[in-house]
Each structure stands twice: as C-alpha cells, then as structure tokens.
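Reviewing the structure listed below.
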Amino acid sequence: MKARAAVAWEPAKPLSIEEIDVEGPKEGEVLLKVIASGVCHTDAFTLSGQDPEGAFPCVLGHEGGCEVVECGPGVKDLKPGDHVIPLYIPECGDCEYCRSTKSNLCQSIASTVWTGYMPDGTRRFSHKGKPIFHYMGCSTFSEYTVVPEIALAKINPAAPLDKVCLLGCGITTGIGAVLNTAKVEAGSTVAVFGLGGIGLSVIQGAVMAKAARIIAVDLNPAKFEMARQLGATDCINPKDLTGSVTEAIVEMTRGGVDYSFECIGNVEVMRQALECCRMGWGVSTIIGVAGAGQEIRTRPFQLVTGRTWKGSAFGGVKGRTQLPGYVEQYLAGEIEVDRMVTHTMPLEDINRAFDLMHSGESIRSVILF
Ligand code: NAD
Ligand code: AHE
Ligand code: ZN
Ligand code: ZN
C-alpha cells in the first residue's frame, strides 16, 4: 500500500514528506495505522548523525499511538481495530531477559530492531523501488507501519492515542527509571538534570515515590514552571551559579542527594549527576543517550566511597505486560500526559517539531496523521 511518511534521507538534513510503499505484514507481524506520534530527542539524536546505529534512509519515530489494520499469519492476540503502542524494546516472554525480573531488555529480535530491519532481515518500506530502513522497530513517522506482534502493547481503546502515544517512550522512561531502576524510597532527595519530556517524567516518578525533595536542573529557565507544577521543590540554572552545579547541590543537601538522574545525553553532566550524590549510598541513573565516541569519566574514588552509577532503558518497563497498566494509570488521573503535549501538528510540519525541541520551546510535539 501507499503511505505518507517523513523520510530521513541522510543525517543532519530536514525530513522529507514522501509517498512510500509499505509491504503487508509477514509471519508474526502486524500492519498498523499510525494515529499519532510523539517526537523524542532520540529521533533528533539519530537524525543528527551521532547515533552509531543510525541507518539511512529511514523512517524515524518511536512514540506511536496506533490502530491494528491487518495481522500477518501466526499473530495470536491482536485483531484489526485493536489499539496498540509499538515497543522499541519488545517482550517475547521467552528469552532469558524476559524470564528474568531483573531486566526488560528482551533480546529476541534486538539484532534486527537496532539495525533497521524486520526480524526476518528484510524491510517493508521502499520509495520508487529503493528500500528504506525501519527505526527502533517502530517507524511511527509514517501513516502505516509494520511491527512484530511481540513489540506491541495492546491498550485500553478508551485512551486517546494522541496523548498516550507519549507512553511509548518519554513518560514511561522517566517514571520507570525512578520506580524500577533507581527504586527511589519515600523521603529521598532527588536531583534531575534536564527538564524535557524525560526529566519532567522523572519528577512525576519521584513524586509517585514520595521523594521529600526534588531538585530540577536545566539551562533553560522556561522549563522551571512545568517542573514546579509537577512537583520539583527547587530549580537550579547552572548559568546562575558562580561555582559548579555539583557543589551547589552538595551544599543544599548537606552532603549530596540520595538519587540523581541524567536526562540530557551530555557526558559532562553525567559526571556532575554522579558526583552530586551522597557518599555511602547515592545512586545516579543515566537515561540520556550520548553520541558515538563519547565516554563517561569520574575518579574511581567516587565509586569507592559508595556511589553507584546505573543506566535505564525504557525505564526498565516490560512493554507488553506493564505498559497497558501505565495507560490505565493515565486514565485514572495518576499519570500526567496531557500537559506534556505542548504542540501538535500535521505530518507535513514535522520539521517544526524538531525546531521547537532544539529551541527549547516545546516539551513534546505530537504529530497527528
Ligand atoms: P529534550 O530535548 O526534550 O530535553 C533535554 C533538556 O535538557 C532540555 O530542557 C535542555 O534545555 C536541557 N539541557 C541541555 N543541556 C543541558 C545542560 N548542560 N545542563 C542542564 N540542562 C541541559 O530531550 P528528551 O526527549 O527529554 O530526552 C532527553 C535524553 O534522554 C536524550 O538524550 C534522549 O535521547 C534520551 N532518552 C533516553 C531514553 C532511554 O530509554 N534511556 C528514552 C528516551 C529518551
Ligand atoms: N543507538 C544508540 C543507543 C540508543 C539507546 O540507548 N536507545 C535506548 C532507547 S532511547 C529512546 O528514546 C534503548 O532503549 N536502548 C536499548 C538498546 O538495546 O539499544 C547507540 O548509542 O548505539
Ligand atoms: Zn524516545
Ligand atoms: Zn524476550
């Protein structure tokens, strides 16, 4: 079939709206109509050319709210009309990661998901006969996309897809990093570096965990109002400080925070986030994604004296079993999504969503198909 899609032909160039060809679903695959898609900083990261796994040309997008159109042979639990959220980390239920409660990193199709192919090693997208890569197994910047059933969370059809699409990455990642990865306890002090869709969702998670103090850090003071509304108790702009942000947080908390989260993708800030943690038990969780060749550094003494460095992918959430519950929590008013959608636009204006992200004007833009 034909579909309108935003194609990334090459790194660091605007997306181009094209009519592409989408092949029907094969064994275990599902054809989806994308109703809405959020734009995450990771899409911009890959488009920038800094992602060592970025393959071009591709159809980006991984925060989708979708409807099932057609099921390929062997699809067991989905039917046309079902509402689903695509998962960049699938849940096969069978691999050693799915069988473990310690990780959500299902490896059943990882080698193809992260290289731009479907699990059988082929692609479903093309333009004038030229094949186009998939992205993170989702490619939601297309009217129609094809995703394996094991990478689809079936959700309550009462949930508005133009909002809960954000649970496909940003919001779930932030909340999950607090609750599943760091496991923040009631009464804790927390520092959040970067107040985009991820950092603001970390704040939500910290409130859910009943943290006593939530220190929000961003270079853009326009982000502080929403941070406070969501539960930040203190906001710091490093530009306003004479000393380092690490020193400021250590001083404010008389020794450092119990938990910190890096939600930017900046390796220097990752170091600050670790070093503002309290000695003895402070835990710093990296969520931000850094470019090819970037490495984190600290003095080993920071770890010797009891700080822990962790990382979190999709908030440690097992998508098929746990994401439908996040949607229910949204419907019950327990998770804030609506206020994160600061802009909506048609696919034709998708490059504006990237501009708004880079200028710091948006939290999340949602593309409406
Ligand atoms: P965003 O662009 O919406 O927000 C980033 C924020 O960081 C902005 O508010 C910006 O002003 C702030 N910032 C930039 N440099 C800063 C600095 N030096 N000090 C303080 N603040 C600074 O991005 P987002 O969509 O929230 O994503 C954040 C990061 O998380 C990205 O690296 C993204 O790729 C990554 N991410 C990771 C996962 C995961 O599963 N690990 C999931 C989603 C996104
Ligand atoms: N391709 C990048 C890594 C990107 C990355 O870490 N992705 C996160 C999700 S970001 C969503 O916005 C993730 O879940 N990764 C799990 C995995 O197995 O890659 C690089 O640096 O190579
Ligand atoms: Zn994302
Ligand atoms: Zn698995």
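Checked against (1) free of Cβ contacts under 8 Å to residues at least 60 places away in the same chain; (2) in a strand (DSSP E or B); (3) within 16 Å of ligand 2 (Cβ to nearest atom), Glu70 passes all but condition (3).
Among the residues of region 183-210, those identified as under 25 Å from Gly61 (Cβ atoms) and touching a Cys at 6+ places or on another chain (Cβ under 8 Å) are Gly194, Leu195, Gly196, Gly197, Ile198, Gly199, Val202. Of the residues making up region 77-116, those that are among the hydrophobic types (A, V, I, L, M, F, W, C), within 16 Å of ligand 1 (Cβ to nearest atom) and assigned to a loop (DSSP other than H, G, I, E, B) number 5. Among the criteria (1) closer than 19 Å to Ala110 by Cβ; (2) open to solvent by 30 Å² or more (accessible area, probe 1.4 Å); (3) within 14 Å of ligand 3 (Cβ to nearest atom), the one Phe45 does not fulfil is (2).
A residue that is more than 16 Å from ligand 2 (Cβ to nearest atom), within 24 Å of Phe314 (Cβ to Cβ), over 23 Å from the mean Cα position of the chain (by Cα) and not aliphatic (A, V, I, L, M) occurs somewhere in region 11-26.
In the set Gly81, Gly28, Gly61, Gly74, only one residue is at positive phi and out of contact with any strand residue (DSSP E or B) (no Cβ under 7 Å at 6 or more places or on another chain); that residue is Gly74.
Between Ala12, Ala36, Ala44, Ala6, the distinction of being at positive phi and either assigned to a loop (DSSP other than H, G, I, E, B) or not polar (S, T, N, Q) (or both) belongs to Ala12 only. The number of residues in region 168-194 that are within 12 Å of Gly288 (Cβ to Cβ) and more than 16 Å from ligand 2 (Cβ to nearest atom) comes to 2. Of everything in region 304-344 that's over 18 Å from Gly168 (Cβ atoms) and in contact with a strand residue (DSSP E or B) (Cβ under 7 Å, 6 or more places away or on another chain), which residue is farthest from ligand 1 (Cβ to nearest atom)? For region 304-344, the residue satisfying everything is Arg307.
The values are calculated or read from the model by the stated rules, or taken from the named source; none is laboratory data. On a predicted model such as this, the values are computed, not experimentally measured, just so you know. When we count neighbours, we look across all protein chains shown, and the Cβ atoms used for this are built from the backbone with ideal geometry, even at glycine. Note: areas computed on protein heavy atoms with side chains; ligands, DNA, RNA excluded. Shrake-Rupley method; radii C 1.70, N 1.55, O 1.52, S 1.80 Å.
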